[in-house]
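Heads up: the structure comes next, in structure tokens.
The values are calculated or read from the model by the stated rules, or taken from the named source; none is laboratory data. Predicted model only: the values in this text are computed from it and were never measured. A quick note on method: Cβ atoms are made from the backbone with ideal geometry, for glycine too, and the neighbour counts reach across all protein chains shown.
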Amino acid sequence: MISYNEKERVFKLDTPNTSYMIGIVDEENFIGHIYYGRRLKEDEAAYLMRTGEPPFVPSKNNRERCSFYDCFPFEYPTGGVGDFRESCISVRTPGGHVGSMLSYVSHEILKGKPALEGLPATFGTEEDCTTLRLVCEDQYVGMQVELLYTVFGDSDAVTRSVRVSNIGTEPFYLTKVYSACIDMDFRDYDMVSLHGSWARERHIQREQIGLGIHNVSSFRGESSHQDHPFLALVDRNTTQENGEIYAMNFVYSGNFRAQAEVTQFDYVRMTMGIHPENFCWKLESGESFQAPEVVMVYTDKGFDAMTNTFHRLYKKHLIRGVYKDKKRPILINNWEATYFDFNTEKLLSIAREASQLGIEMLVMDDGWFGRRSFDDCALGDWKVNEDKITGGLKYLVDEVNKLGLKFGIWFEPEMISPDSDLYRAHPDWAIAIPGRPGTESRQQYVLDLSRQEVVDCIYGQVASVLRSANIEYVKWDMNRQLTDIGSYGLPADRQGELYHRYVLAVYQMQDRLTKEFPYLLLENCSGGGARFDPGMLYFSPQIWCSDDTDAVERLEIQEGTALIYPLSTMGAHVSDCPNHAVGRVTPFETRGIVALAGTFGYELDVTKIPQEDREMIPAQVAMYHKYNDLVREGDYYRIASYSQNHKYDCWQIVSEDKKQSLVTFVQVLNRVNFKSRRILLKGLDADKRYQVVFENDDNVVDRIYSGDTLMKAGLLVPNAWGDFKARLISLTEV
Ligand code: DGJ
């Protein structure tokens, strides 16, 4: 709910447990940030803007205008005229000048949530949510800025976005536009962020911050393996269960910067938006620029509460399509099984065996098109290679369908190989700096998707493959980052638009795809999980989490991913050993149990794996069917973290009605002469009684306990014989 106190000129945005307050001050109508935190009963906190203290507002003390600008808690700060902290927006006029200041002009409070033109965003009906549209202007630049805030009745999230319009007569250049800012008092925060590399995505990092600027960012053209569009400022004492957290997550898949700046007065400015590096957007008179959305979550109840706020919001108000609330078919993907070395017969042999074991879909990965037998050619030539796929694609799909399996296919639509028919015909379709040799990565270039003819050509090719056979799943991959930022299609003063135009075009293509083929299960991927972000989740209900499928490596990757994203979104497969990324050998059972915390599937040659592993598949499949509704829909609690204790990992899922729960415990290295571990469960109903079953220990029933005992006294998990041993423990109300 959103209210406006006209007398005090104060806006109050309430979620079930939080309040966010904005005030308008002085004759010049500055828009200030008042408060974000636990829900307030009254809207009387405008004193937090400290306008009653020196240096006072400019109408009372104009000689210290600069001092005012440099300490006032701006709701959306500008730069160049006296606020020396990080600005949220920067514009360059035709005269080459920068410098702006925004004043409140008007506002409206709307039921529901307007869509953001061309961009993914959370959504809700008029009953679900309310939106505040604050309009402000800089009359000297001729710029209007709309600040949009939405609150949901069923979520402790506040979403924000910004729209900038040229209301003057001259064009101007937008060289920076962030989407959110909170100016607040600094309380000795730690900063929590996610980092990694290829095959090591989203490891959680927590570090103490002091005065100065601390940021995470990507200007790789995608959200990236290395960094993640997420930032949380947390109290030093915050734990899983307690403590304050201010978190921001960007609904965007390109360059970003998330930053905390601790200032001279012990204030902190937390910002998030498109990375300004190489960004410059020309706005002609009458034109607008829509910046992407930031989702903000505040809690005083620790990481479990933050996580479940994001999970529930994304499950209900971001993810779409026919698979939004549905169990996904268990797939088998041939990438780690065959790499490029496959043909119709090989795929059918895998499908035949898979169908006997309860697997429900075969996915044909990279290598089925053009002359592609390795990663050095043919991207852009999306025509089936009938030398490999003998009999053609339709024949293969029909045969797979006859075995009772669905069929899925891999594409990498955004790329072009120098050795491709497409590149030979259109060398200017690759992103490149004219006259400068291009930087190859995995022997490929990135297509210039800022050109509509390129988008149409590639979309046309992909769609025609999908129309040619009964294809029910697409894996959309993207295997390199953007370099040599230049477009043959854009004029000189619009080259700075390329990064963002590229992201908009990816969204446009996925929008077309999901509209033309609404029954498709789309799984995004980027060399593993380099584009695992809320922007892509708007189009695909699941994203391939990492190219590292090792069960132990996955503990940390999945922990970091699940910090924000629902388990239903995390692509997770059982693969063969020694693992192809790390060479580790883990029990097949453990690989299955770890993958059950994600979408679940297989990525191995099922005709070749050891017989005893193959024999375990039907039981794993049965476990998936038994528990996937709970895994997809339940609340997620982190019990112990291997990345912190270096001994064992443990997480728990609890159904909304608290009647059912599933605990996963992974003992990484065994310790000799060691006792069982006591784990304190969470989220149960203290008054309910639960039957505890150790599912993979010959279904040992470990008695019936009350939720109260399990949460306070805990459950004993016996020490297991051997390394990398996992236990799946179910709890059912009796
Ligand atoms: C990277 C993906 O993450 C892999 O799963 C696989 O599809 C390869 N690309 C294929 O090139």
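Any idea which of Gln481, Gln443 is more than 23 Å from Ser223 (Cβ to Cβ), within 16 Å of the ligand (Cβ to nearest atom) and in contact (Cβ under 8 Å) with a residue 60 or more places away in the chain? Give the steps one after another, and end with the answer.
Values: Gln481 fails: more than 23 Å from Ser223 (Cβ to Cβ).
It is Gln443.
Got a sec? Which strands (runs of 3 or more DSSP E) wholly within region 282-338 have at least 2 residues that are in contact with a strand residue (DSSP E or B) (Cβ under 8 Å, 6 or more places away or on another chain) and more than 18 Å from Tyr149 (Cα to Cα)?
Values: elements: 288-290, 293-299, 331-333.
Once the strands (runs of 3 or more DSSP E) in region 282-338 are filtered for at least 2 residues that are in contact with a strand residue (DSSP E or B) (Cβ under 8 Å, 6 or more places away or on another chain) and more than 18 Å from Tyr149 (Cα to Cα), what remains is 331-333.
Six or more apart or on different chains, Cβ under 6 Å: which pairs go from a residue in region 389-412 that's on the phi > 0 side of the Ramachandran plot to one that's crowded, with 16+ Cβ neighbours inside 10 Å? Could you list them?
If the second residue must be crowded, with 16+ Cβ neighbours inside 10 Å, the pairs left are Gly391/Thr344; Gly404/Ser355.
Scan region 283-312 for residues that are more than 17 Å from Glu117 (Cα to Cα) and either more than 24 Å from the chain's Cα centre (by Cα) or surrounded by fewer than 18 Cβ atoms within 10 Å (Cβ to Cβ) (or both) and jot them down.
Answer for region 283-312, where residues must be more than 17 Å from Glu117 (Cα to Cα) and either more than 24 Å from the chain's Cα centre (by Cα) or surrounded by fewer than 18 Cβ atoms within 10 Å (Cβ to Cβ) (or both): Glu284, Ser285, Asp300.
When only residues in region 517-558 that are farther than 24 Å from Leu466 by Cβ and among the β-branched types (Val, Ile, Thr) count, which is nearest to the ligand (Cβ to nearest atom)?
Thr549
Can you confirm whether Ile209 is among the aliphatic types (A, V, I, L, M), surrounded by fewer than 19 Cβ atoms within 10 Å (Cβ to Cβ) and in contact (Cβ under 8 Å) with a residue 60 or more places away in the chain? Working first, answer last.
On the way: among the aliphatic types (A, V, I, L, M): yes; surrounded by fewer than 19 Cβ atoms within 10 Å (Cβ to Cβ): yes; in contact (Cβ under 8 Å) with a residue 60 or more places away in the chain: no.
Against the criterion (among the aliphatic types (A, V, I, L, M), surrounded by fewer than 19 Cβ atoms within 10 Å (Cβ to Cβ) and in contact (Cβ under 8 Å) with a residue 60 or more places away in the chain), Ile209 does not qualify.
Quick one: what pairs do we get from region 520-543, first residue free of Cβ contacts under 8 Å to residues at least 40 places away in the same chain, second within 14 Å of the ligand (Cβ to nearest atom) and assigned to a helix (DSSP H, G or I), C-beta under 9 Å, 6+ apart or different chains?
Qualifying pairs under 9 Å: Ile543/Met536.
Based on this model, can you work out whether Leu347 counts as within 26 Å of the chain's Cα centre (by Cα), at pLDDT 95 or above and within 16 Å of the ligand (Cβ to nearest atom)? Can you show your working first?
Numbers: within 26 Å of the chain's Cα centre (by Cα): no; at pLDDT 95 or above: yes; within 16 Å of the ligand (Cβ to nearest atom): yes.
No; evaluated as a whole, the condition is false for this residue.
Before we move on, is Tyr459 more than 16 Å from the ligand (Cβ to nearest atom), among the aromatic types (Phe, Trp, Tyr) and part of a helix (DSSP H, G or I)?
Working: more than 16 Å from the ligand (Cβ to nearest atom): yes; among the aromatic types (Phe, Trp, Tyr): yes; part of a helix (DSSP H, G or I): yes.
Yes, satisfied.
Six or more apart or on different chains, Cβ atoms under 7 Å: show the pairs whose first residue is in region 362-376 and more than 8 Å from the ligand (Cβ to nearest atom) and whose second is in a loop (DSSP other than H, G, I, E, B) and β-branched (Val, Ile, Thr).
Once the first residue is more than 8 Å from the ligand (Cβ to nearest atom) and sits in region 362-376, its partners that are in a loop (DSSP other than H, G, I, E, B) and β-branched (Val, Ile, Thr) give Trp368/Ile389.
Please work out if His573 is within 14 Å of the ligand (Cβ to nearest atom), touching a residue at least 60 places away in the same chain (Cβ under 8 Å), touching a helix residue (DSSP H, G or I) at 6+ places or on another chain (Cβ under 7 Å) and within 19 Å of Asn696 (Cβ to Cβ).
On the way: within 14 Å of the ligand (Cβ to nearest atom): yes; touching a residue at least 60 places away in the same chain (Cβ under 8 Å): yes; touching a helix residue (DSSP H, G or I) at 6+ places or on another chain (Cβ under 7 Å): yes; within 19 Å of Asn696 (Cβ to Cβ): yes.
Here the answer is yes, as His573 does meet what is asked.
Would you confirm whether any residue within region 58-66 is more than 23 Å from Arg160 (Cα to Cα), in a loop (DSSP other than H, G, I, E, B) and of a type in the set (Asp, Glu)? Give the derivation first.
At the first step, the residues of region 58-66 found to be more than 23 Å from Arg160 (Cα to Cα) are 58-66.
Still in the running and in a loop (DSSP other than H, G, I, E, B): 58-61.
Then drop every residue that is not of a type in the set (Asp, Glu), which leaves none.
No, that holds for no residue.
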